[in-house]
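*Asks:* What follows is a single structure, and I will ask about it in a moment.
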Amino acid sequence: MTTAPRPRAGPRYGRYVGLLAVVILLLITINTIVTKPNGAKGIGPGHMLPPFAVPLVLGDLSGDADVAMHGGEGARGNVPACQERGRQILNICQLYERGPVALALFIDAGSCAAILSDLQALAPSFPGVQFSAVALKGDRRQLRRLVRTRGLSIPVGLDRDGTLLALYKVATCPQITLVLPGGVANPDRMRMDSRAVAFVRSFFRSGKPVAAICHAPSRARRCSPARRSPRCARACASWSRPRGRADGGEADELARASRPAAAARRRRWHARARTLGASMSSVPPTSEPPGSAAGFRPAPGWCAREVEEELPGLRLLTVEARVARHGSLTGGSPPDIQRRLRELSNRMRGATAVAVRREPVPAAYRVFFRHIGLDPDIERTPIEAVVLERMLRGGFLSSGLLQDVLRIALLDTGVPVWALDADCVQGPLGIRASGEGERLGRSRDAPALPARRLVVADTSAPLAVLFGGLAPGHVPVAGTRRLALYAVQVAGVPELYVEEALWNCRSALELR
């Protein structure tokens, strides 16, 4: 009698494995449905639109897209994008000045270009909307054929190098962006806009209650009928001081410019003066040597009346320095300067670098940056920019004699100092707003300035942007022997700190 062989048994947990696979697929499906993608999806609602200017497809101009916010930004553009205007240029700033904008970004002349016919069909129904399109990395001949065959009258620009792909976070083709005029305005420009002044002044004249926060107190000071009263001026000046907390401790940054800190710095200054055999006399003796600290008094610069009224506490201090050190201003620094840089590198470690913004003087400059419309977390104050450079490069590396001297003064006092070629300066320096169509400097390649930008100027031309770059042709070169040093004092910064920064620079450069 023979028995049939038993059938081979299957895997014991096979059914459970299959069930688990079904559950995993179900979870993946649900997660795909409910999860929001994290990819680029264009400019977010409520965000400021990046400016750009590109040549029109049907025009004769050629070139890359200009996306510069300011002049002289190299590959981004030498002229601010909003100022690039003309019949053969598609300028987004010029479009949204006329009203809402419907902007289509498409790639090449493929299927994405079908959106152009839709925009052309919608344009007559919405005469107040500026319909436009930009081709990204497209062939100009194909694009011209496309525009003519479809009978397009809306402007079509060409971004041949694809700069707008990253700038506008293009993720799909085509990408439609609706631009509504308005949003964030630069208070440094608004406070000098006659229309904005008239608008706010009408509230005062009608007797309506006016409340002001952030940048608005400076506007209220200018518009109030009683603003010339000394009592009102004192009250308005106190409005501009911050009351809240931001960036980890800006509420008390002005109050932290304490008397003990200033007294300690003054004692240190006296000690330095004694090492030079000088006494800190309030009346400078006539026979004082150039490098002495005794009686050192920088010359106050002038300030335009409208700027002085809007920004109380803003001052410019200047001093002339004659370079007595041998060698080039842009060449290697002498051993004593390099040794000082190494000492500062060792002192400025991680914890100190992180806490520098909370110190009294750097915090005061942060407050001032916000008052003139600069975000100190993006446009960093000079001291924070230098500290960040130290953290990235591992130390304060030498950049030439002049730059090293200016950096040491900044690290010692927190006050930034700039140097101009004194032979190129005509008359005393001061602070004012730039005029319409004015250029930075007197050289042929001087970049254009936006109107109402705060600048450091002499009697005939702007020589530097306030807390910004110097004008071409006025920057000290290797053989410059006379320098015009200037420092900017803001509310909350004791004058002693500014004087010490200037004196440190002058004495280091005049040391033989």
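The values are calculated or read from the model by the stated rules, or taken from the named source; none is laboratory data. Bear in mind that the values here come from a model prediction, so they are computed numbers and not experimental data. Cβ atoms come from the backbone with ideal geometry, glycine included; neighbour counts cover every protein chain shown. For accessibility, only protein heavy atoms count, side chains too; no ligands or nucleic acids. Shrake-Rupley method; radii C 1.70, N 1.55, O 1.52, S 1.80 Å.
*Asks:* Can you tell me the accessible area per residue over the stretch 367-407, all protein chains present, probe 1.4 angstrom, in square angstrom? Don't skip to the answer; put the middle values down first.
*Replies:* Working: 1750 Å² over 41 residues.
About 43 Å² of surface per residue is accessible.
*Asks:* I want to check the label-to-label distance for Ser153 and Arg297. Put each point 7 Å from Cα in the C-beta direction and report it in nm to one decimal.
*Replies:* Computed distance between label sites Ser153 and Arg297 equals 7.1 nm.
*Asks:* Still on this structure, please answer the following. Out of the total accessible area of the stretch 365-512 (probe 1.4 Å, heavy atoms of protein only), what percent is carbon and sulfur? Could the numbers behind the result be given before it?
*Replies:* Numbers: 2770 of 5280 Å².
Solvent-exposed carbon and sulfur of the stretch 365-512 make up 52 percent of the total.
*Asks:* Regarding the stretch 304-366, what whole-number volume in Å³ per residue does the convex hull of its Cα atoms give?
*Replies:* Convex hull of Cα atoms, per residue: 153 Å³.
*Asks:* Could you work out what % of the accessible surface of the stretch 53-130 is carbon and sulfur, using a 1.4 angstrom probe and leaving DNA, RNA and ligands out of the count?
*Replies:* Carbon and sulfur: 54 percent of the exposed surface of the stretch 53-130.
*Asks:* Given the convex hull of the Cα atoms of the stretch 329-464, what is a quarter of its surface area in nm²?
*Replies:* That works out to 9.7 nm².
*Asks:* Further question on the same structure: Multiplying the sequence separation of Ser443 and Asp336 by 0.36 nm and subtracting their Cα-Cα distance, what value in nm do you get?
*Replies:* The Ser443-Asp336 span can extend by a further 34.9 nm.
*Asks:* Starting from the amide H of Ser399, placed 1.01 Å from N in the peptide plane, find each other amide H under 5 Å away whose residue is 5 or more places distant or on another chain.
*Replies:* Hits under the 5 Å cutoff: Asp404.
*Asks:* Gain in length, Arg322 to Ala353, computed as 0.36 nm per residue apart minus the alpha-carbon separation, to one decimal in nm?
*Replies:* The span from Arg322 to Ala353 would gain 7.9 nm if fully extended.
*Asks:* Give the separation of the Cα centroids, the stretch 73-87 to the stretch 387-429, in Å.
*Replies:* 29 Å
*Asks:* Separate question: Taking the Cα-to-Cβ direction at Glu510 and at Val197 and moving 7 Å from each Cα, how far apart do the two end points lie in nm?
*Replies:* The two pseudo-label positions are separated by 4.1 nm.
*Asks:* Same structure, new question: How big is the charge dipole of the stretch 380-495 about its Cα centre, in debye rounded to the nearest 20, if each Lys and Arg gets +1 on its Cβ and each Asp and Glu gets -1 on its Cβ?
*Replies:* Working: 12 positive and 11 negative charges, 38 e Å.
Rounded to the nearest 20 debye, it is 180 debye.
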